[in-house]
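> Shown below is the structure under consideration.
The values are calculated or read from the model by the stated rules, or taken from the named source; none is laboratory data. This one's a predicted model, so the numbers in the text were calculated from it and none came from an experiment.
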Amino acid sequence: MPPFAVLFAAAWQDQLQEYHDKVPGLLDKAGIPTFEKMPELTLWGDICLAVALLVLLVAIFRLLTLRIFRFFFCVVAALLIAYYPAAYGFHYWRYQYDAAAKQEREPTDTEKKIDANLKVIDWSILGGGAVIGGIMFLMTFGGGSRRYDYEEEDAPVEQSTPQQYHAQRSQRGGGGQGSGKNPFDFS
C-alpha cells in the first residue's frame, strides 16, 4: 500500500467514520429499508464510490456525444465499481428477502457459510466489481474513428469540368446517360 494512502486514511478516518455512521439514518429518511448487518463501508469502499462518480461523469459525456452503447457500458461499469449498490443488494437478499419463511426454519448450510464469511464476500464484491467494472470502463475508450486504406483515397484528386467527366465515363464504358449502352443490358 502506498504511504500516502496510509497518511490519508489516518488523517481522515474520524471524518469518514462520522459519515459512515450517518448512512443508516440517511437510508431511513429516503425510505430504503435497513437491516442488522449492513455492508461495511471502508476507505476502499469510499474510493470505489468516488471512482464510480467519475465514471458516471464520463457516461454523461458519452450520452451527450450520442455514443449510446458506450454510455450504457459506462453506467454498468459505474454500478460495478461503486461496490455499495451490489453489496447492499446482496445483504438485502440475505436478510430481508423472504424473511418470514427464513425465521420459521433453521438456517441452511449455505446460509451458515454466508454468515461466517460475510466480510470475505463483501471484499470479494468490492474487488471483483472494481476489476470487472474497470476493465469494462477501459474498453469504452477503444475503437475511435475507423480509417479504411483504399488506393483511391491516396490518389490525387484532379479538378475537371462536367464535360471532361462525362467523356471519361463514356470511355470507361459506364452505363450512364449518353453512353450508348442499354442500362438494362446485364450481359
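The rows are residues; the columns are (1) at pLDDT 75 or above; (2) outside any loop (DSSP other than H, G, I, E, B).
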{"site": "Ala10", "(1), (2)": "no, yes"}
{"site": "Asp21", "(1), (2)": "no, yes"}
{"site": "Pro24", "(1), (2)": "no, yes"}
{"site": "Leu27", "(1), (2)": "no, yes"}
{"site": "Phe35", "(1), (2)": "no, no"}
{"site": "Leu54", "(1), (2)": "yes, yes"}
{"site": "Phe73", "(1), (2)": "yes, yes"}
{"site": "Gly89", "(1), (2)": "yes, yes"}
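> Would you mind listing the helices (runs of 4 or more DSSP H) fully within segment 95-144 where at least 2 residues are at pLDDT 85 or above and not aromatic (Phe, Trp, Tyr)?
Hits in segment 95-144: 109-116, 118-139.
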